[in-house]
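Remarks on the structure that follows.
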Amino acid sequence: MRINKYGLKDTIEAGIKREIRQRCGFGCVNCGNAVYQYEHVDPTFAEATEHNPDHIVLLCGGCHDRVTRKLLSKETIKIRSDSPVCKQKGFSFGPFDLGMVEPKITIGTLNCKGVESLIRINGDNVLSIKPPESEGAPFRINAYLADRDGREVLKIVDNEWITTTNNWDVEVVGTRITIRKALGDIVLSLRSEPPHNLVIERLEMEHLGIELSCRENKNLKVITPSGQILTSNSMDIEGSKVGFDINNNSMSIGVGGGCVHIGSMTLDSIPPNIPQRHTRQTFVGRARENRKVGRNEICPCRSGKKFKKCCGLVY
């Protein structure tokens, strides 16, 4: 921790950091790179008596180094501060480091390796992996991730992630990206583990009528417009063409060969014209059991709420 001559510590409060990120468009004000650091511009940190968000900008390591070497002037950064590149373009961006070995992608409790399209919703590849373009090149991840209202929050195009400045907050700390819809409302959290792993720790999204949510080491949940609910707390898919193929009225797992291991999975639905009862099928390995869940019973998703106030609300 640094402390300047006025006793100001270089630790910036979370609320002030968020204000800076929002003003700068979640990326370097000069080039748009979303891997950034906080930089006092006018005055510099050495002369600052407070952390004023209007006088602090986001700078990537490359642009910060250019300023230090006087290859990029402070005056230019001040101008960029008034008109950040991210705000001009409407997005910030950053690279993922993937190697030449097939990566493993984890979505909550779903682990996929050697799967061409991990999640396909009504024909759209939400998350997919392409082979290297040439020998010695990396595998390529592509994704379209939205919030629970179906609005895009982040996309990945051949390992480069891009996030819109319309987001409420985008925070990058180390290898973790966190996107919030409001204070305390996380709609996406993911981290990279270079060079072979990408982990989606948390997701709350809707796409073409399909709801998808997950938590790392907890349940992965899919809800279709027809009322089907798939919940899994352990699943591995390897070598399939499509991991999850989800349509309005159907769901398929491990399409096009490969190997699927289901540790635990439940399929829920409400029979037509019987809204007060709920039919559940539970799969644990090869075991299967059928039982009914009443509206006033504790929800099987382990939220602690009554079913009618939890998963039952989708109906």
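The values are calculated or read from the model by the stated rules, or taken from the named source; none is laboratory data. Quick caveat: nothing in here was measured; it's all calculated off a predicted structure. Every residue, glycine as well, gets a Cβ built from its backbone with ideal geometry; the counts of neighbours run over all protein chains shown.
Quick notes on this structure:
- Residue in region 246-253 that is in contact with a strand residue (DSSP E or B) (Cβ under 7 Å, 6 or more places away or on another chain), in contact (Cβ under 8 Å) with a residue 60 or more places away in the chain and more than 30 Å from residue 60 (Cα to Cα) present: yes
- Every pair of residues 6+ apart whose Cβ atoms lie under 8 Å, when the first sits in region 179-192 and is assigned by TED's automatic domain parsing to the domain that holds residue 107 while the second is of a type in the set (Gly, Ala, Ser) and in a strand (DSSP E or B): 179/189
- Within region 50-76, the residues that satisfy the criterion of being more than 10 Å from residue 40 (Cβ to Cβ) and under 30 Å from the mean Cα position of the chain (by Cα) are 53, 54, 58, 59, 60, 61, 62, 63, 64, 65.
Residue-by-condition table, conditions (1) assigned by TED's automatic domain parsing to the domain that holds residue 24; (2) in contact with a Phe, Trp or Tyr (Cβ under 7 Å, 6 or more places away or on another chain); (3) at pLDDT 90 or above; (4) not aromatic (Phe, Trp, Tyr):
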{"residue": "56", "(1), (2), (3), (4)": "yes, yes, yes, yes"}
{"residue": "59", "(1), (2), (3), (4)": "yes, yes, yes, yes"}
{"residue": "62", "(1), (2), (3), (4)": "yes, no, yes, yes"}
{"residue": "67", "(1), (2), (3), (4)": "yes, no, yes, yes"}
{"residue": "75", "(1), (2), (3), (4)": "yes, no, yes, yes"}
{"residue": "78", "(1), (2), (3), (4)": "yes, no, yes, yes"}
{"residue": "102", "(1), (2), (3), (4)": "no, yes, no, yes"}
{"residue": "105", "(1), (2), (3), (4)": "no, no, yes, yes"}
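- Criterion applied to 209, 254 was being at pLDDT 90 or above and under 24 Å from residue 130 (Cα atoms), and the one residue passing it is 254.
- Answer residue from region 116-133, given it is modelled with pLDDT under 95 and in a strand (DSSP E or B) and is surrounded by the fewest Cβ atoms within 10 Å (Cβ to Cβ) among those: 130
- For region 234-252, a residue qualifies if it is surrounded by fewer than 21 Cβ atoms within 10 Å (Cβ to Cβ), polar (S, T, N, Q) and either under 17 Å from residue 107 (Cβ atoms) or not assigned by TED's automatic domain parsing to the domain that holds residue 107 (or both), and the qualifying residues are 234, 252.
- Residues that are among the β-branched types (Val, Ile, Thr) number at least 2 in the following strands (runs of 3 or more DSSP E) confined to region 141-237: 152-157, 160-164, 169-173, 176-182, 185-193, 197-207, 220-223.
- Filtering region 56-115 to residues that are over 24 Å from residue 177 (Cβ atoms), among the charged types (D, E, K, R) and part of a helix (DSSP H, G or I) leaves 66, 74, 75, 78, 82.
- In this structure, residue 42 does not qualify as part of a loop (DSSP other than H, G, I, E, B) and touching a residue at least 60 places away in the same chain (Cβ under 8 Å).
- Here the condition is being over 22 Å from residue 113 (Cβ atoms) and either assigned by TED's automatic domain parsing to the domain that holds residue 121 or modelled with pLDDT of 90 or more (or both); of 201, 171, it holds for 171 alone.
- Lone unmet requirement of (1) closer than 26 Å to residue 258 by Cα; (2) without any contact (Cβ under 8 Å) to a residue 40 or more places away in the chain; (3) not aromatic (Phe, Trp, Tyr) for residue 138: (2)
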